[in-house]
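What follows is a short report on a single structure.
Laboratory data are not the source of any read-out in this text; all were calculated from the coordinates shown. Computed from a predicted model, the values in this text were never measured in an experiment. For neighbour counting, all protein chains shown are included, and Cβ atoms are generated from backbone atoms with ideal geometry for every residue, glycine included.
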Amino acid sequence: MIMESLVLNLQSKNQISDYIAEHHLMHYEAAILNEFIAAIDNNDLAQLQLLNSFGDCFRAITMNLHAYRKGLEFGFTKIAFDQHGWFKRPAFLDTEDLQFGDTSRYGNHSTITLGRGINHTWTYALHYSFGCAGGGYGLSVYGKQFKSRESALTFALNDLKAMMTVKVGSSDTTNDKQPIILATLRDIETAIIGLYQLTLF
């Protein structure tokens, strides 16, 4: 097994090829490592140095470069790393949190968070609660992409609605609190009607 820590150069082709052969790689990881091989084959030292600047091991390079390129899809161009060498997550613009299903009895609710990139590509985060059970994920350059706030919100509302609808009438009364689920669905319908009315003007 080769050591991951490395400085890649024009003589590193065998090391990269061995790493590819010895690991089960994500599609993007293999593609990035093949970019290294292409740079070596083309004697493109500048490209090799650029790729190499994203980390000091194969895993860091591929993950950081992938994160940077996903950020480009939202218009984020800054290259910055934290103290551990990982790519810094860009901050989305015009973020807003929308709450659904809050009840005074339980105090739980679901939240849709909207945000846009510099190039006006939108995405959303979702934190959902059925009562005691739930889950979610934050705003990320890996999220689904939308051309407008309205299209992102419409998709997110339908996503949350589908999750809640499955839980209506659930026999798991410990995790799935029907008052919260039904209140969430009511709030979703109100939001959908509001969006529809906006399209009429």
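Quick one: 3J(HN,Hα) in Hz for the range 24-35, Karplus 6.51/-1.76/1.60 with θ = phi - 60°, rounded, Gly and Pro as x.
Values, residue by residue: 8, 9, 5, 4, 5, 5, 4, 5, 5, 5, 5, 5 Hz.
Give, rounded to the nearest 20 debye, the magnitude of the charge dipole that the chain has about its Cα centre when Lys and Arg contribute +1 at Cβ and Asp and Glu contribute -1 at Cβ.
Here the size comes out at about 480 debye.
Across 5 Å bins from 0, what is the distribution of all Cα-Cα pair distances for the chain, in whole percents?
1, 7, 13, 13, 12, 11, 10, 9, 9, 6, 5, 3, 1, 0
Compute the separation of the alpha-carbon centres of the range 21-85 and the range 135-201 and state it in Å as a whole number.
36 Å
Can you show me the helix-derived [θ] at 222 nm for the chain, built from DSSP H runs with n ≥ 4 at -39,500 (n - 2.57) apiece and divided by the number of residues, rounded to the nearest 500.
-14500 deg cm²/dmol
Give me the dipole magnitude in Debye, nearest 20, for the range 93-199 about the Cα centre, with unit charges on the beta carbon: positive for Lys and Arg, negative for Asp and Glu.
For the range 93-199, the charge dipole is close to 140 debye.
What longest region of the chain stays clear of GluC sites (Glu not before Pro) that DSSP places outside H, G, I, E and B and that have at most 16 other Cβ atoms within 10 Å?
Formally, the longest exposed-site-free interval is 74-201.
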